[in-house]
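Student: Handing you a structure now.
The values are calculated or read from the model by the stated rules, or taken from the named source; none is laboratory data. Everything numeric in this text was worked out from a predicted model, so none of it was measured. Counting neighbours? That spans all protein chains shown, and the Cβs are built from the backbone with ideal geometry, glycine included.
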Amino acid sequence: MSTNKVIHALYNDDDVLMDAVKTVKGANHHIEEVFTPFPVHGLDKLLGLPQTRLAICAFLYGLCGLSFAIWMTNYMMIENWPQDIGGKPNFSWWLNMPAFVPIMFELTVFFAAHLMVITFYMRSRLWPFKEAENPDPRTTDDIFLMEIPVHDNEEELTALLSTTNAVEIKVIEKH
Amino acid sequence: MSSHYEAPIREPLVLGEKSYHDITMDIVKPIEGKANKNWYVAFTIALVAFLWGLGCIAYTISTGIGAWGLNKNIGWAWDITNFVWWVGIGHAGTLISAVLLLFRQKWRMAINRSAEAMTIFAVFQAGLFPIIHMGRPWNGYWVLPIPNQFGSLWVNFNSPLLWDVFAISTYLSVSLVFWWTGLLPDFAMIRDRAVKPFQKKIYALLSFGWSGRAKDWQRFEEVSLVLAGLATPLVLSVHTIVSMDFATSINPGWHSTIFPPYFVAGAIFSGFAMVQTLLGVMRKVTNLENYITRLHIEYMNIVIMVTGGIVAVAYASEFFIAWYTGSPYENYTYMSIGAATGPYGWAFWSLILFNIAIPQLLWIKKFRRSFIVSFLISIAINIGMWFERFDIIAIVLSKGHLPSTWTRFEPTFVDVGIFVGTIGFFFVLFLLYARTFPVIAQAEVKTIMKSSGEHYKQLRDGKNEH
């Protein structure tokens, strides 16, 4: 089967990689994945990756935290067991609210930060005992790897990639 | 090359002619190599201090808080001093990793990892003190808003002490995930190099299977930015709330509206001093002189000067207002003529000397860029900031509203022992960290090589001779 075949083109410089991505994209080939040792700025746009929505998630999680804090302070301090503490008004959440601002703030941050990070870990499939999926161990050191699926055009692709200053070009059968 | 342009007038942040692989090699060297004799000596000293502290904690809990030098007037002294001191030290880490990220300061990349580690380890120490001070730490869960057998008697959300519980635990846990997320690519780098099977397993576990896809990096950068945005107000809120432990009370000397900004500035002041102390030693021991350069030391010293200046102005205004009220009671607060000439005069003058006088040496550029002078000044600031908290607490409480109750606080060996123990614990954690963790965010440093590396800057400026 030729459908599982991919080409791995390895580069040792981020600028060379960017040029190579432009060349491959310009020749209308699909780039399956790029593995890099550090964030290369502008690479996501070049690959046509959609903008991540994690920041929007964080905002919504923050709203959840704020709502939870409002519910909790109201339930515990006003409804369930109102107490006169230092003469602060205990019959109305709104009048007692200034004393709850720190709690509301902290829980907003707590929910937004932790739930966003958990979402990130789930979406990018990161957790303890997860097997790493980078095809070459050097991609966390100084090698940039571009993966292109082959559809009966192995020679054409190899010829194109050899013009992009790749340090290595490998054809691999993926399982 | 044009996208990597940086003004030639800016000093390079990474010295020497380094490739990406060279950075990898420099960062993994302390992890893959063997510890030298100095490391074992330092570790043993820290461990002994830690064990001594543990013994003092056990003694306190088994006999009661009476083992400390507290009395009826001075109900908290060393413990809360140490608590505020450690929390304050933690603030530099978050400032470097969050605030400087928002301001796009590239120099933070060499020091953020260690500063965040310092934050987390310092907050551990801080958290110990309120828990021990409870006397019955096994009842510590009473600070949590959980349904209970007392007929749902809830916690008091009006109390700054409970705000502290929420602030410190949010601060610790958010700092921890911020730190860990940044560590994933660096753990992955060590994992992919490791040859020993056990080491490979451990770093594979720690790296959460990080692979470095383009999409992962896009999310990683977004998460870092949003976390920085969340951590910035968080770090300011934490010491604000700590200062409210004092400011919301009705004691003159504590009941002061300038406490929140003044405490936050003091926290950053002391935190940067601790970063200087730690990195001044670490850059030598781990051979990272090319990454933590004179320029980094100077930048940190400038932050110390700014925050130290804010603190000095706060002292001056406290002193002036205390005098200006004309109230005799104000003459016994920690910033007053009474304090300067009273039985705690030595503590007052230590504060002035270590926190205000000595840091002024940093106005001299030569001192600001000197490793040894910066190191010595940072030690002085660490001492000075401890005295600041001690003065605020012990001096104010020692002279209450009723002169017949005036008394002094004398620490016992248990007070001192627990403090020494937390310093030991802190260094045990930090020394273990320095041997097993990537102490510089290498993935981030690689992104600034072409703009701020010495070699690339020279190539760009057409100065090939070296």
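Student: As an exercise: evaluate B:Ile89 against (1) touching a His at 6+ places or on another chain (Cβ under 9 Å); (2) part of a helix (DSSP H, G or I) and give the number of the one condition it does not meet.
Tutor: Unmet condition: (1).
Student: Now for a different question. Check B:Ser237, B:Ser243, B:Ser256, B:Ser270 and return the single one that is within 24 Å of A:Glu106 (Cα to Cα), in contact with a Phe, Trp or Tyr (Cβ under 9 Å, 6 or more places away or on another chain), crowded, with 19+ Cβ neighbours inside 10 Å and at pLDDT below 90.
Tutor: The conditions single out B:Ser256.
Student: Answer yes or no as to whether B:Ile120 is away from chain A (no Cβ under 11 Å) and either in a loop (DSSP other than H, G, I, E, B) or surrounded by 16 or more Cβ atoms within 10 Å (Cβ to Cβ) (or both).
Tutor: Yes.
Student: Looking at region B:182-209, which of its residues are free of Cβ contacts under 8 Å to residues at least 60 places away in the same chain, within 9 Å of chain A (Cβ to nearest Cβ) and surrounded by fewer than 20 Cβ atoms within 10 Å (Cβ to Cβ)?
Tutor: B:Leu205, B:Leu206
Student: Moving to a separate point now. When residues of region B:6-50 are filtered for being β-branched (Val, Ile, Thr), over 23 Å from B:His296 (Cα atoms) and surrounded by 16 or more Cβ atoms within 10 Å (Cβ to Cβ), how many remain?
Tutor: Of the residues in region B:6-50, the ones β-branched (Val, Ile, Thr) are B:9, B:14, B:23-24, B:27-28, B:31, B:41, B:44-45, B:48.
Imposing the further condition that a residue be over 23 Å from B:His296 (Cα atoms) reduces the set to B:31, B:41, B:44-45, B:48.
Checking the rest, the ones that are also surrounded by 16 or more Cβ atoms within 10 Å (Cβ to Cβ) come to B:31.
Total satisfying the criteria: 1.
Student: Under the condition of being within 21 Å of B:Phe166 (Cβ to Cβ) and small (Gly, Ala, Ser), which residue from region A:59-107 is nearest to the other protein chains (Cβ to nearest Cβ)?
Tutor: The residue in question is A:Ala99.
Student: Something else now. Run B:Ser3 past the list (1) of a type in the set (S, T, N, Q); (2) within 14 Å of chain A (Cβ to nearest Cβ); (3) over 30 Å from A:Val16 (Cα atoms); (4) exposed (fewer than 13 other Cβ atoms within 10 Å of the Cβ) and report the number of the one that doesn't hold.
Tutor: (3)
Student: Kindly list, by first and then second residue, each pair from a residue in region B:406-417 that is in a loop (DSSP other than H, G, I, E, B) to a residue that is surrounded by fewer than 15 Cβ atoms within 10 Å (Cβ to Cβ), limited to pairs with Cβ atoms under 8 Å and residues at least 6 apart or on different chains.
Tutor: B:Thr407/B:Lys72; B:Arg408/B:Pro343
Student: Going by the structure shown, is A:Val171 exposed (fewer than 15 other Cβ atoms within 10 Å of the Cβ), of a type outside the set (D, E, K, R) and part of a strand (DSSP E or B)?
Tutor: Yes: the conditions hold for A:Val171.
Student: Still on this structure: Residue by residue through region A:149-165, note down the ones that are of a type in the set (A, V, I, L, M, F, W, C) and not in a loop (DSSP other than H, G, I, E, B).
Tutor: If the condition is that a residue be of a type in the set (A, V, I, L, M, F, W, C) and not in a loop (DSSP other than H, G, I, E, B), then A:Leu157, A:Ala159, A:Leu160, A:Leu161 are the ones that fit.
Student: I'd like the full set of residues that are within 11 Å of chain A (Cβ to nearest Cβ) and either within 28 Å of the chain's Cα centre (by Cα) or hydroxyl-bearing (Ser, Thr, Tyr) (or both), limited to region B:123-157.
Tutor: Within region B:123-157, B:Ser152, B:Phe157 meet the criteria.
Student: Could you tell me which numbered condition B:Leu225 fails, if it satisfies all but one of (1) without any contact (Cβ under 8 Å) to a residue 24 or more places away in the chain; (2) facing chain A (nearest Cβ under 9 Å); (3) surrounded by fewer than 17 Cβ atoms within 10 Å (Cβ to Cβ); (4) closer than 30 Å to B:Ala267 by Cβ?
Tutor: Tallying (1) without any contact (Cβ under 8 Å) to a residue 24 or more places away in the chain; (2) facing chain A (nearest Cβ under 9 Å); (3) surrounded by fewer than 17 Cβ atoms within 10 Å (Cβ to Cβ); (4) closer than 30 Å to B:Ala267 by Cβ, B:Leu225 fails exactly one: (1).
Student: Still on this structure, please answer the following. Can we say B:Asp79 is within 26 Å of the chain's Cα centre (by Cα), within 14 Å of chain A (Cβ to nearest Cβ) and of a type outside the set (A, V, I, L, M)? So that I can check it myself, show each step before the final result.
Tutor: On the way: within 26 Å of the chain's Cα centre (by Cα): yes; within 14 Å of chain A (Cβ to nearest Cβ): no; of a type outside the set (A, V, I, L, M): yes.
No, not satisfied.
Student: Say we look at region A:108-148 and pick out the residues that are in a helix (DSSP H, G or I), touching a residue at least 12 places away in the same chain (Cβ under 8 Å) and more than 7 Å from every other protein chain (Cβ to nearest Cβ); which of these is nearest to A:Val6 (Cα to Cα)?
Tutor: A:Arg138
Student: Spot the failing condition for B:Phe178; the list is (1) within 28 Å of B:Val420 (Cα to Cα); (2) in a helix (DSSP H, G or I), and only one is missed.
Tutor: Among (1) within 28 Å of B:Val420 (Cα to Cα); (2) in a helix (DSSP H, G or I), B:Phe178 violates only (1).
Student: State which residue pairs qualify: first residue touching a residue at least 40 places away in the same chain (Cβ under 8 Å) and inside region B:118-129, second residue hydroxyl-bearing (Ser, Thr, Tyr) in any location, beta carbons under 6 Å apart, and separation of 6 or more residues or different chains.
Tutor: B:Thr119/B:Thr94; B:Thr119/B:Ser175; B:Ile120/B:Ser175; B:Gln125/B:Thr422
Student: Are any of the residues in region A:17-27 out of contact with any Cys (no Cβ under 6 Å at 6 or more places or on another chain), aliphatic (A, V, I, L, M) and free of Cβ contacts under 8 Å to residues at least 40 places away in the same chain?
Tutor: Checking region A:17-27: at least one residue is out of contact with any Cys (no Cβ under 6 Å at 6 or more places or on another chain), aliphatic (A, V, I, L, M) and free of Cβ contacts under 8 Å to residues at least 40 places away in the same chain.
Student: Next question, about the same structure. Hey, does region A:80-92 have a residue that's modelled with pLDDT under 95, within 39 Å of the chain's Cα centre (by Cα) and either in a helix (DSSP H, G or I) or surrounded by fewer than 17 Cβ atoms within 10 Å (Cβ to Cβ) (or both)?
Tutor: So far as region A:80-92 goes, no, none of its residues is modelled with pLDDT under 95, within 39 Å of the chain's Cα centre (by Cα) and either in a helix (DSSP H, G or I) or surrounded by fewer than 17 Cβ atoms within 10 Å (Cβ to Cβ) (or both).
Student: Among the residues of region B:187-212, write down those that are closer than 19 Å to B:Ala434 by Cα, at pLDDT 90 or above and part of a loop (DSSP other than H, G, I, E, B).
Tutor: Passing the criteria: only B:Ser207.
Student: Shifting gears a bit: Is there any pair with a first residue in region A:69-91 that is within 10 Å of B:Trp154 (Cα to Cα) and a second that is surrounded by fewer than 16 Cβ atoms within 10 Å (Cβ to Cβ) whose Cβ atoms are under 7 Å apart and which are 6 or more apart or on different chains, and what are they?
Tutor: That search, which allows pairs on different chains as well, returns A:Asn80/B:Ser152; A:Trp81/B:Ser152; A:Trp81/B:Leu153; A:Pro82/A:Phe91.
Student: Test B:Ser169 against the criterion of being farther than 25 Å from B:Ser224 by Cβ, facing chain A (nearest Cβ under 9 Å) and small (Gly, Ala, Ser), and give yes or no. Lay out the reasoning, then the answer.
Tutor: Values: farther than 25 Å from B:Ser224 by Cβ: no; facing chain A (nearest Cβ under 9 Å): yes; small (Gly, Ala, Ser): yes.
Here the answer is no, as B:Ser169 does not meet what is asked.
Student: Which numbered condition trips up B:Trp386, out of (1) at pLDDT 90 or above; (2) surrounded by fewer than 21 Cβ atoms within 10 Å (Cβ to Cβ)?
Tutor: (2)
Student: Collect the residues in region B:194-228 that are touching a Pro at 6+ places or on another chain (Cβ under 7 Å) and more than 13 Å from A:Phe38 (Cβ to Cβ), keeping them in residue-number order. Working first, answer last.
Tutor: Of all residues in region B:194-228, those touching a Pro at 6+ places or on another chain (Cβ under 7 Å) come to B:205, B:208, B:210, B:212, B:217, B:220-221.
The answer is B:Leu205, B:Phe208.
Student: Within region A:124-168, restricting attention to residues that are among the aliphatic types (A, V, I, L, M), at pLDDT 90 or above and within 20 Å of B:Arg219 (Cα to Cα), which residue is surrounded by the most Cβ atoms within 10 Å (Cβ to Cβ)?
Tutor: Across region A:124-168, the extreme among qualifying residues is A:Met146.
Student: If you don't mind, another one. Which residues, taken from region A:36-58, are closer than 23 Å to A:Pro137 by Cβ and either part of a loop (DSSP other than H, G, I, E, B) or more than 7 Å from chain B (Cβ to nearest Cβ) (or both)? Can you show your working first?
Tutor: Filtering region A:36-58 for residues closer than 23 Å to A:Pro137 by Cβ gives A:36-40, A:43, A:47.
Scanning region A:36-58 gives A:Thr36, A:Pro37, A:Phe38, A:Pro39, A:Val40.
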